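Let me begin by presenting the structure, written as structure tokens, before commenting on it.
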Amino acid sequence: MRPRLALIPGEPAGIGPELVVRAAQRDWEAELVVYGDANTLSRAAAALGLPLHLHPAGSPPPQARSLALVEIPHPHAAPWGQPNPANAPSVVAALTRAARDCLAGTLHGMVTGPVHKAVINQAGIAFTGTTGLLAALSGCEVVMMLANPAMRVALQTVHLPLRAVPEAITPETLTRTLRIVDGALRTQFGIAAPVIAVLGLNPHAGEDGHLGREELDVIAPTLSALRREGLHLLGPLPADTAFLPEKLRGVDAVLAMYHDQGLPVLKHADFAHAVNITLGLPFPRVAVDHGTALDLAGTGRADPSSLFAAITTCTHLAIGKRA
Ligand SMILES: NC(=O)c1ccc[n+]([C@@H]2O[C@H](COP(=O)([O-])OP(=O)(O)OC[C@H]3O[C@@H](n4cnc5c(N)ncnc54)[C@H](O)[C@@H]3O)[C@@H](O)[C@H]2O)c1
Ligand SMILES: N[C@H](C(=O)O)[C@H](O)COP(=O)(O)O
């Protein structure tokens with residue numbers, strides 16, 4: 001089966017459009033259908049001095065390396081590096097249409113470029129990220145997991161202010177997260193008995209309650225209950241040493257309690273080849289691990305490796321290969 005995947009450039013003033021142009025220079029195992037704005041993509045191709053061939057989705061490609069396009073126009077041609085909130089509704093519409101087509105089964109997955117959360121909120125659209133949008137559209141509980149050749153890191157809490165994190169870690173939410181991660185590692189990644197290393201929240205995993213009680217009161221008892229269900233869980237582990245290479249040996253994923261507990265380590269280990277996978281959806285969704293990089297937009301200096309890894313990962317997930 002040749003999977004058909006949506007490819008969504010994201011914020012038009014960022015590096016997403018030029019990364020899509022870079023992807024268009026290659027042959028892919030999957031059929032890529034861009035949900036985006038032809039004018040923005042053509043401007044990105046001109047900025048890079050690269051060819052770009054687009055044809056309407058549903059019609060046969062007129063030549064090799066032509067990308068199918070579902071046209072979702074942006075009302076403003078925003079200069080590179082200067083997002084315009086007036087484009088936010090069409091940015092969100094591209095994500096929404098692709099997700100609906102995945103849910104309807106006409107697409108086998110979606111690959112998303114970077115969006116600018118603040119600009120979308122400035123437009124009056126409440127938006128914590130594409131992951132949250134997809135959870136709402138699909139009615140599914142989801143977990144964000146980033147992965148690169150060095151490690152996989154899933155997040156218990158994602159785009160929350162730090163002060164809201166402790167109260168978001170409850171036996172119920174932690175149980176739900178760990179069941180989703182364990183289930184996805186088994187079914188999507190083909191790992192028969194996955195081992196998940198669960199980090200503590202506090203320094204030194206709470207130091208027996210002297211530096212915080214979340215480990216004793218919430219995390220440890222939840223892990224004990226889930227171990228009785230057959231999950232292979234380590235922890236709660238002190239986060240400062242959990243990522244040492246010898247500690248990661250035999251670990252299939254790390255569960256971090258909050259965004260910046262886990263992601264800086266993963267992005268430091270290999271920013272270029274990391275991807276962001278949404279677990280728990282009925283279709284694969286894989287995103288780049290980086291943001292809109294407004295400082296680089298239009299310069300041709302943005303590295304397309306994460307987008308390429310996202311396309312490959314989504315293809316493998318869509319055809320049921322181990323990723
Ligand atoms: N997948 C996503 O949609 C996604 C992911 C992360 C951040 N964001 C959003 O992007 C916006 C900007 O975030 P930020 O500035 O914190 O992070 P960023 O990733 O956009 O930029 C951080 C640094 O990394 C560099 N960088 C990023 N991607 C690069 C690439 N492909 N090649 C070379 N260098 C690259 C940038 O130039 C910058 O110096 C925010 O709104 C954030 O929420 C979106
Ligand atoms: N937390 C993600 C990262 O650091 O890469 C990113 O902001 C993207 O989130 P969404 O997939 O929810 O847009």
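The values are calculated or read from the model by the stated rules, or taken from the named source; none is laboratory data. If you're wondering where the values come from, they're calculated on a predicted model, not measured in any experiment. A quick note on method: Cβ atoms are made from the backbone with ideal geometry, for glycine too, and the neighbour counts reach across all protein chains shown.
Collect the residues in the range 42-60 that are assigned to a loop (DSSP other than H, G, I, E, B) and under 25 Å from Cys102 (Cβ atoms), keeping them in residue-number order. Scanning the range 42-60 gives Leu52, Ala57, Gly58, Ser59, Pro60. For Asp303, the conditions (1) touching a residue at least 40 places away in the same chain (Cβ under 8 Å); (2) within 15 Å of ligand 1 (Cβ to nearest atom); (3) closer than 30 Å to Arg4 by Cβ are fulfilled apart from (1). Answer with yes or no whether Leu307 is buried (at least 23 other Cβ atoms within 10 Å of the Cβ), part of a helix (DSSP H, G or I) and modelled with pLDDT of 95 or more. Yes, satisfied. Here are Gly300, Gly291, Gly250: which of them is more than 16 Å from ligand 2 (Cβ to nearest atom) and outside the structural domain of Thr170 (by TED's automatic domain parsing)? Gly300 is the lone residue from the list that is more than 16 Å from ligand 2 (Cβ to nearest atom) and outside the structural domain of Thr170 (by TED's automatic domain parsing). Counting only helices (runs of 4 or more DSSP H) that sit wholly inside the range 61-140, those with at least 1 residues that are within 21 Å of the chain's Cα centre (by Cα) and closer than 28 Å to Glu31 by Cβ are 88-104, 130-138. Checking the condition without any contact (Cβ under 8 Å) to a residue 12 or more places away in the chain and in the same structural domain as Arg26 (by TED's automatic domain parsing), which residue from His316, His210 passes? Going through His316, His210 in turn, the sole match is His316.
The set of residues in the range 1-41 being part of a loop (DSSP other than H, G, I, E, B), in contact (Cβ under 8 Å) with a residue 60 or more places away in the chain and buried (at least 21 other Cβ atoms within 10 Å of the Cβ) consists of Pro9, Gly10, Glu11, Pro12, Ala13, Gly14, Ile15, Ala30. Going by what's in this entry, would Gly183 be described as in a loop (DSSP other than H, G, I, E, B) and more than 18 Å from Leu248 (Cα to Cα)? No; evaluated as a whole, the condition is false for this residue.
Here's the yes/no breakdown for (1) more than 16 Å from ligand 1 (Cβ to nearest atom); (2) out of contact with any His (no Cβ under 8 Å at 6 or more places or on another chain):
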site: His232; (1), (2): yes, yes
site: Pro238; (1), (2): yes, no
site: Pro245; (1), (2): yes, yes
site: Gly298; (1), (2): no, yes
site: Ala310; (1), (2): no, yes
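Hey, among Leu54, Leu50, Leu95, Leu67, which residue is more than 16 Å from ligand 2 (Cβ to nearest atom) and surrounded by 21 or more Cβ atoms within 10 Å (Cβ to Cβ)? Result of the check over Leu54, Leu50, Leu95, Leu67: Leu67. Only one entry in Thr170, Thr157, Thr106 is within 22 Å of Ala274 (Cα to Cα) and among the hydroxyl-bearing types (Ser, Thr, Tyr), namely Thr157. Within the range 141-163, being surrounded by 16 or more Cβ atoms within 10 Å (Cβ to Cβ) and either more than 14 Å from the chain's Cα centre (by Cα) or in a loop (DSSP other than H, G, I, E, B) (or both) holds for Val142, Ala150, Met151, Gln156, Thr157, Val158.
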